[in-house]
1. Assess whether residue 48 counts as being touching a residue at least 24 places away in the same chain (Cβ under 8 Å) and either of a type outside the set (Ser, Thr, Tyr) or in a loop (DSSP other than H, G, I, E, B) (or both).
2. Here are 26, 115, 37: which of them is under 21 Å from residue 8 (Cα atoms), aliphatic (A, V, I, L, M), modelled with pLDDT of 90 or more and outside any helix (DSSP H, G or I)?
3. Of all residues in the stretch 103-112, which are surrounded by fewer than 19 Cβ atoms within 10 Å (Cβ to Cβ) and part of a helix (DSSP H, G or I)?
Amino acid sequence: MAAEWKETLETEREISAFMLELGIPAHLRGYYYLREAVLLAVSDMELVGSVTKLLYPVIARRYKTTLQRVERAIRNAVEVSWERGNPEVFEDLFGFSRETGAPRPTNSEYIARIADKIRMDATTGEKIEK
């Protein structure tokens with residue numbers, strides 16, 4: 001039990017470090033919702049296939065809010081990071097950035113790519129340094 005909790009905490013730290021690298025400010029409510037969404041997706045990638053029906057309601061219940069507010073806060077966090085974040089990090093993660101003229105990723109794309117990166121880094125033993 002303690003080992004599982006420690007692993008979850010370590011995964012949360014990695015997610016937080018990467019989100020900060022993407023330029024998501026920690027003072028945004030969407031930062032916490034997004035971190036929770038990625039953490040859930042890391043353990044069950046099926047959730048990414050239906051964020052509005054499966055993922056947002058879980059987060060809304062945990063934070064005692066509505067799924068509409070969860071969606072909006074995450075979208076705002078994604079927009080802020082897209083505008084202010086490091087384009088090179090976006091290029092590495094998504095294969096495009098605002099500098100290439102690409103539209104910003106959707107909430108589900110954003111959640112899926114971060115979750116996939118965290119999962120792949122865990123299998124290769126890589127850690128995100130921040």
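The values are calculated or read from the model by the stated rules, or taken from the named source; none is laboratory data. Because the structure is predicted, anything quoted here is derived from the model rather than measured. Note that we place each Cβ from the backbone using ideal geometry, even for glycine, and neighbour counts take in every protein chain shown.
1. It is true that residue 48 is touching a residue at least 24 places away in the same chain (Cβ under 8 Å) and either of a type outside the set (Ser, Thr, Tyr) or in a loop (DSSP other than H, G, I, E, B) (or both).
2. 26
3. Matches in the stretch 103-112: 108, 109.
Results for (1) over 21 Å from residue 117 (Cα atoms); (2) in contact with a strand residue (DSSP E or B) (Cβ under 8 Å, 6 or more places away or on another chain); (3) without any contact (Cβ under 8 Å) to a residue 12 or more places away in the chain, shown as yes or no for each residue.
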| site | (1), (2), (3) |
| --- | --- |
| 62 | yes, no, no |
| 66 | yes, no, yes |
| 73 | yes, no, no |
| 76 | yes, no, no |
| 80 | no, no, no |
| 85 | no, no, no |
| 88 | no, no, yes |
| 93 | no, no, no |
| 98 | no, no, no |
